[in-house]
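**Student:** Structure in structure tokens, see below.
What follows is calculated from the coordinates using simple rules that are stated; it is not laboratory data. Treat the numbers as computed from the prediction; the structure is a model and nothing was measured. As a convention, Cβ positions derive from the backbone with ideal geometry for all residues, glycine included, and neighbour counts pool all protein chains shown.
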Amino acid sequence: MPIPITYNLRSLRVRWTSSIVAVLGIAGTVGVFVAMLALAQGFKATLVSSGSSQNAIIRRAGATSEMESVLTRDSIRVIQDASAIERASAGPLGSPEVVVIAPFPLRRTGTDANVQIRGVSPLALKVRSNIRIIAGRFFQSGMNELVVGRNVALSYSGFDLGGTVRFGGGTWTVVGVFNGEGSAFDSEVWCDANVLNQVYQRPPNLFQSVTVRLASPGQFRELKDALTSDPRLNVQVDREIEYYEKQSRQLTTLITVLGAIVAVVMGIGAVFGALNTMYSAVVERSREIATMRAIGFATGSVVASFIIEALCIAFVGGILGCIAVLPLNRLTTGAMNWQTFSYLAFAFRVTPPLLIAGLLFALLMGLIGGVPPAIRAARAPVASALREL
Amino acid sequence: MVSVDVQGSSNALIQVRSLEKTYHRGSEELHVLQRLDLDVEAGDFVAFMGPSGSGKSTLLNLLGGLDTPTSGSIKVAGDEITRLSAGELTQWRARHVGFVFQMYNLIPVLTAYQNVELPLLLTSLSRSERRRHVEAAMALVGVADRMQHYPGQLSGGQGQRVGIARALVADPTFLLCDEPTGDLDRKSADEIMDLITRLSEEQGKTVLLVTHDPLAAQRAGAVLHLEKGVLVEAAIARTAG
Ligand SMILES: Nc1ncnc2c1ncn2[C@@H]1O[C@H](COP(=O)(O)OP(=O)(O)OP(=O)(O)O)[C@@H](O)[C@H]1O
Ligand SMILES: [Mg+2]
């Protein structure tokens, strides 16, 4: 049987002050690590929730984002004839769209940030069923009217219901606020696509993308095959959900990589804290260790015992770090979406898997900080350790 | 019977032959034990005396498998322990040796009960069997009412009793006591020596004792002096048994 764990727990309790540095080092590292991942996770979740599995987004072939794409009204007509698209009384559920970005002052800082303005079809709410008007009404076709995502209403000045804003050479009235359920649309402003083209003096027959609602999610392939094989069209067809997932990738990867670098650098510091604590524990307890070895506990038991002790320290640090970042959960922040060059609001998401990852990271630091002192403890010659008073 | 001038093999429990231990301190060689011979039979109670630095602890550590000799042989109950690997030696200690230390060496964060239980954790005994053994050992040494006390809450004499209970709880082949009364006042020392004597006489334990105290040594069946690296038989104070 191994050295009882009571031995380690009581030793830790008795000498708890000498473990503080190690605990705090690990807690801080885990906190930063989890916070960074929660940031990436929140960003990704926001973009991914923008897409629906029942929707497809169609762009010109080769366009990496909506901004670079062009579709003519004629090709949009061809697209909307596809049989896989759901039909309502008003016609096929498709929304030909144009996007522009325009700077507006943030309420909090007064500085400008880019807002994505999306010209949509009057059917847009039928195509994107996850979006609901929560105040006012939807815009009227042909009018200089805006409906704004709830984050826009909250974060920028001038977007109060009934207020007017100027951009693109036109004056617009805010007639409604919509709830995009935490998606990227919450950070967007919507208006009539035709009006937006007019105001920006763009050719009236050109759009950038069309988002269509499939009769059923299973018909995506059918739609894609029909459109890509049509000789009149030169388009790429993506599931909306995948399109947004792809958009999130660059920034989530960046945050994750940065997070990993910071975590490793801090982790090295925390490991040294753990090493220091454990080495001094081993030195202070050399007589106890020698006594256990004399009684007949194997070197492996001693190594295991001190590793367990280091893991206990790390676990406490990990728990503290996780508790420290819990308040970040759902805290809204924002970042530049580099695919659209607009500012995107999203919330930290401190999920259980992230907390578990944080704890595992803490245990890893404990292990690295615990193994060398544990080995030193087990290697010390018993006879001479017993000789020392 | 203990003897120090033996050659060849015998039937003794502990047979030490030509034991040498040399320490190196820089370029200096320190020949602490020089071709030392010793036979100890089961049930013997032997006291080792000698001036400080004469090698008493060194000898005890070698007999207890805590250290390895420079040369020579140590046979205990037929096992040549000098040939055991470090891992085997650890297991051998758990089965055969009960150590009693001058400073008791109790684990301060464990209760008296848990300290005494430690050697039993290395056996296959069940929890309840362990409890039985621990209680019996603690009752035998007279600290049955101190089980839940921590070492810091015990007097010196009580601490050493707990130390002795821990040494004998797993019923080792022999007890090694290195100055067990060296840190105690006269009264406590006498009580501890009473206890060790009783363990030898009533329980038939084999006891090897290192002491500076002639009164303590007197209790042993044989007193051996360590001089210039070998053992010399002193006056035999009492006949064993
Ligand atoms: N690891 C070591 N390295 C070098 N020399 C050592 C070592 N251990 C012991 N010695 C030396 O060996 C000699 C014998 O030491 P030992 O501890 O066996 O003496 P002792 O008889 O027990 O003395 P005391 O009565 O003071 O306890 C001493 O001179 C000591 O300094
Ligand atoms: Mg000594």
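**Student:** To the nearest whole number, what is the average tally of beta carbon atoms from other chains within 10 Å of the beta carbons of peptide B:116-123?
**Tutor:** 4
**Student:** Which of A:S49, A:S95, A:S155 comes first, and how do the rest follow, when ranked by fewest Cβ neighbours within 10 Å?
**Tutor:** Numbers: A:S49 19, A:S95 26, A:S155 22.
Neighbour counts put them in this order, fewest first: A:S49, A:S155, A:S95.
**Student:** Once the Cα gyration tensor of chain A is diagonalised, what are the square roots of 5 times its eigenvalues, in whole Å and ordered largest first, as equivalent ellipsoid semi-axes? Show your work: numbers first, answer last.
**Tutor:** On the way: eigenvalues 729, 99, 45 Å².
For chain A, the semi-axes come out at 60, 22, 15 Å.
**Student:** Identify, among A:I241, B:G8, B:V134, the residue whose Cα sits farthest towards the positive end of the charge dipole of the protein assembly as shown, taking +1 on the Cβ of Lys and Arg and -1 on the Cβ of Asp and Glu, with the dipole about the Cα centre.
**Tutor:** A:I241
**Student:** Then there is this: Residues with amide H under 5 Å of A:A113's amide H, sequence separation 5 or more or different chain, H placed in the peptide plane at 1.01 Å from N; which?
**Tutor:** A:F104, A:L106
**Student:** How far apart, in nm, are the 7 Å Cα→Cβ label points at A:K126 and A:V264?
**Tutor:** 5.4 nm
**Student:** Using the Karplus equation 6.51 cos²θ - 1.76 cosθ + 1.60 (θ = phi - 60°), what ³J(HN,Hα) coupling, rounded to whole Hz, does each residue of the stretch A:206-211 give in order, writing x for Gly and Pro?
**Tutor:** 10, 10, 9, 7, 9, 9
**Student:** Could you list B:V116, A:V120 so that the one with the fewest beta carbons within 10 Å of its beta carbon is first and the one with the most is last?
**Tutor:** Sorted ascending by nearby Cβ count, the order is A:V120, B:V116.
**Student:** Right, next: How big is the stretch B:69-179 along each principal axis, measuring the range of its Cα positions in Å and listing the largest first?
**Tutor:** That gives 44, 32, 23 Å along the principal axes, largest extent first.
**Student:** If you don't mind, another one. For the pair A:T111 and A:V283, what calculated FRET efficiency results from E = 1/(1 + (r/R0)^6), where r is the Cβ-Cβ distance and R0 = 56 Å, to the nearest 0.05? Spell out each step's value before the answer.
**Tutor:** Working: r = 55 Å, r/R0 = 0.99.
So the FRET efficiency works out to roughly 0.50.
**Student:** Here is a follow-up. Membrane-span-like helices in chain A: DSSP H runs reaching 30 Å or more (Cα, own axis), mean Kyte hydropathy at least 1.0?
**Tutor:** Details: long enough: A:20-48 (41 Å, 1.98); A:240-284 (62 Å, 0.79); A:299-325 (39 Å, 2.12); A:352-379 (40 Å, 1.46).
Span-like helices here: A:20-48, A:299-325, A:352-379.
**Student:** Take chain B, drop everything but the C-alpha atoms, weight them equally and run the Debye formula without solvent; then report log10 I(q)/I(0) at 0.11, 0.13, 0.17 Å⁻¹ to two decimals.
**Tutor:** -0.56, -0.78, -1.29
**Student:** May I ask you to derive the FRET efficiency for A:S157 and A:D225 from their Cβ-Cβ distance with R0 = 60 Å, giving the value to the nearest 0.05? The partial results should precede the final answer.
**Tutor:** Numbers: r = 48 Å, r/R0 = 0.79.
Working from the Cβ atoms, E equals 0.80.
**Student:** Which of the trypsin sites (Lys or Arg not before Pro) found in the stretch A:29-137 are loop residues per DSSP with 13 or fewer other Cβ atoms within 10 Å of their Cβ? If you can, show how the numbers build up before the last one.
**Tutor:** Values: sites: A:K44, A:R59, A:R60, A:R73, A:R77, A:R87, A:R107, A:R108, A:R118, A:K126, A:R128, A:R132, A:R137; in loops: A:R107, A:R108, A:R128, A:R137.
In loop regions of the stretch A:29-137 (DSSP not H, G, I, E or B), the sparsely surrounded trypsin sites (Lys or Arg not before Pro) are A:R107, A:R108, A:R137.
**Student:** If you take the Cα atoms of the stretch A:62-233, find Rg, then find the Kirkwood Rh from the mean of 1/r over all pairs, what is Rg/Rh? Provide the component values of the computation, followed by the final result.
**Tutor:** Numbers: Rg = 16.5 Å, Rh = 16.8 Å.
The Rg/Rh ratio comes out at 0.98.
**Student:** Further question: Please list, in order along the stretch A:86-101, the HN-Hα scalar couplings obtained from phi with the Karplus expression 6.51 cos²θ - 1.76 cosθ + 1.60 (θ = phi - 60°), rounded to whole Hz, x for Gly and Pro.
**Tutor:** After applying 6.51 cos²θ - 1.76 cosθ + 1.60, I find 5, 10, 10, 4, 7, x, x, 7, x, 10, x, 9, 10, 10, 9, 10 Hz.
**Student:** Would you compute the Debye intensity of the stretch B:43-86 from its alpha-carbon atoms alone, equal scatterers and no solvent, and pass along log10 I(q)/I(0) at q = 0.14, 0.23, 0.25 Å⁻¹ to two decimals?
**Tutor:** The computed values of log10 I(q)/I(0) come out as -0.38, -0.90, -0.99.
**Student:** May I pose another question? What is the mean number of Cβ atoms from other protein chains located within 10 Å of the Cβ atom of each residue in peptide A:283-296, rounded to a whole number? Provide the component values of the computation, followed by the final result.
**Tutor:** Working: counts 0, 0, 3, 0, 5, 6, 1, 3, 11, 4, 3, 13, 16, 18.
So the per-residue partner count for this stretch is 6.
**Student:** Contact order normalised by length for chain A, with contacts defined as Cα pairs under 8 Å and 6 or more residues apart; what percent is it? Write down the numbers at each step before the final one.
**Tutor:** Numbers: 771 pairs, mean separation 114.1, N = 389.
Averaging sequence separation for qualifying contacts and normalising by length gives 29 percent for chain A.
**Student:** Assuming R0 = 41 Å, can you tell me the calculated FRET efficiency for the pair B:E201 and A:S18, based on Cβ-Cβ distance, to the nearest 0.05?
**Tutor:** Numbers: r = 47 Å, r/R0 = 1.15.
Once rounded, the FRET efficiency stands at 0.30.
**Student:** Under the rule of -39500 (n - 2.57) per DSSP H run of 4 or more residues, summed and divided by the residues of chain A, what mean residue ellipticity at 222 nm is obtained, to the nearest 500 deg cm²/dmol? List each step's numbers first, then the result.
**Tutor:** On the way: 12 runs with 190 residues, N = 389.
When only DSSP H runs of four or more count, the value is -16000 deg cm²/dmol.
**Student:** Further question on the same structure: By counting other Cβ atoms within 10 Å of each Cβ, how are B:C177, A:C191, A:C312 ranked from fewest to most?
**Tutor:** By the 10 Å Cβ count, ascending, the order reads A:C312, A:C191, B:C177.
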